[in-house]
Amino acid sequence: MTATLPVTDPTDTVPASGRRRVLVTGVEHAGGLAALRGLAAAGYEPWAATEDTSSYGAVSRAAGGVVEVADPRLDGERFARDLVEAAARIGAVAVLPGTEAALIALGRQRDLFPADVAVGAPDVDDTVAALDKDALAGLAARAGFRTPPTLRLSAADVPTADITFPVVVKPVRSELVTEDGLARFEVTRAANAAELTATLAALPGREGLVQPYLTGRIRTVNGVAWKGETLTTVHKLAERTWPADCGVVTWAETVERHPELEKAARALMAELGWSGLFNLQLIESGSRHYLIDVNPRMYHSLGLAVAAGVNLPAMWTDLLLGERPEVVEFARGVRFRSEEDVRSLWAMFRSGRRGAAIRGLLPHARTTHAVLSVTDPAPMVEVARRAARLVTRRS
């Protein structure tokens, strides 16, 4: 394991700046990068903890330093021990898990940390409950959400199942145990029985959850909770995703709270007894909203909440350190664009929606980006390098 710090000696456990140090994991992703930037803006000194020293967070100006840690999917205990060692060496007061695998690993290994290091991972049973897509329908119904009708099927069930295509196929949980450790499985679309069978066969246990494929805009309720109490939320509407059929948000805007969804979100967090960040994804189909996913972690468009005036990562850290953060209202009409949005617009252009695609390229005021930042340019350079490597491999 290595550690670097641009200004101070990395063995100095008392930061010269006087800012409290926080270890942040999951900085390989846009959500982790947003957490680093948000914490730095709030006066913390966040450090990037990552297995990839060329990741977004590792090269970000927002990071006070970098420590290498094991991959939580491959070795959760080693991952936790690396963080314990790093926290002791740099004097970190808190550790924030940025991914589901990190939440699970730290939830299992919280006892390794000394009492003076706050760990942002609830008990592992609470985390598994929040990630359990199979149990989501019951939890959601009690909270007041609608969910799409869901079948739990194995690949062998497909020939006799009563299914109308296309469908969405989900793993029972996003992170599942494989021979090599935890592995992440994404939601996919199946257009026919052959695709459905192949998708299910590729999942551990050769089974998954099957739902009708609903079309409509994505709406999310994002926030931070503490012991089941939701402190605040930020609502947004997404116009585009990538991949277009079952992807992450690439263009969105903050909107007024939907009263029914707000009430249900707070009830769901209370039902789970959740402590930490959350991102609830819903789809507008007809006049109804259906809850399609719960992400109890740093999520892809986390930077939008921060840009809208609600620094969710800093609020979470305050709570972990026993402080009650100030709750402020979020600004409406703030926009988010992911770097993958160009792919979504290109797909629109090729499908014949050329005018909409060209209008989508136009810049807008009050827009924050997943990675791009004029004050923190290095992560965008890494985006360009990844794109170049991808093109080279395809060539």
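The values are calculated or read from the model by the stated rules, or taken from the named source; none is laboratory data. Keep in mind that this is a model prediction, so the values were computed, not measured. With ideal geometry, Cβ positions are generated from the backbone for all residues, glycine too; neighbour counts draw on all protein chains shown. In case anyone asks, the SASA skips ligands and DNA or RNA and just uses the protein heavy atoms, side chains included. Shrake-Rupley method; radii C 1.70, N 1.55, O 1.52, S 1.80 Å.
Structure data summary
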{"quantity": "For the stretch 57-190, the spread of Cα positions along each principal axis, largest first, Å", "calculated": "58, 32, 30"}
{"quantity": "FRET efficiency, Ser287 to Val374 (Cβ-Cβ, R0 51 Å, nearest 0.05)", "calculated": "0.80"}
{"quantity": "Net charge over other residues, Cβ less than 13 angstrom from the Cβ of Gly144 (K, R count +1; D, E count -1)", "calculated": "+2"}
{"quantity": "Accessible area in the full protein assembly, largest first, 1.4 Å probe, for Asp125, Asp75", "calculated": "Asp125, Asp75"}
{"quantity": "Per residue accessible area of the stretch 35-186, 1.4 Å probe, in Å²", "calculated": "41"}
{"quantity": "Packing-based ranking, highest mean first, of 302-314, 272-284, 57-69, 333-345 given that Cβ atoms within 10 Å are counted", "calculated": "302-314, 57-69, 272-284, 333-345"}
{"quantity": "Proximal aspartates and glutamates relative to Lys170, as straight alpha-carbon distance under 13 Å, when same-chain residues fewer than 8 apart are discounted", "calculated": "Asp132, Asp134, Glu186, Glu207, Asp293"}
{"quantity": "Rough spin-label spacing in nm, given labels placed 7 Å along Cα→Cβ, for Lys227 and Arg343", "calculated": "4.3"}
{"quantity": "Two-decimal ratio, the chain, of alpha-carbon radius of gyration to 2.2 N^0.38 Å", "calculated": "0.97"}
{"quantity": "Extension gain (nm, one decimal) between Leu74 and Ala41, 0.36 nm per residue minus Cα-Cα", "calculated": "8.6 nm"}
{"quantity": "Protein accessible area in the chain, 1.4 Å probe - carbon and sulfur %", "calculated": "52"}
{"quantity": "DSSP-defined beta bridges in the chain - what % are antiparallel, rounded to 5", "calculated": "75"}
{"quantity": "Listed peptides 364-377, 93-106 by packing density, highest first (mean Cβ within 10 Å)", "calculated": "93-106, 364-377"}
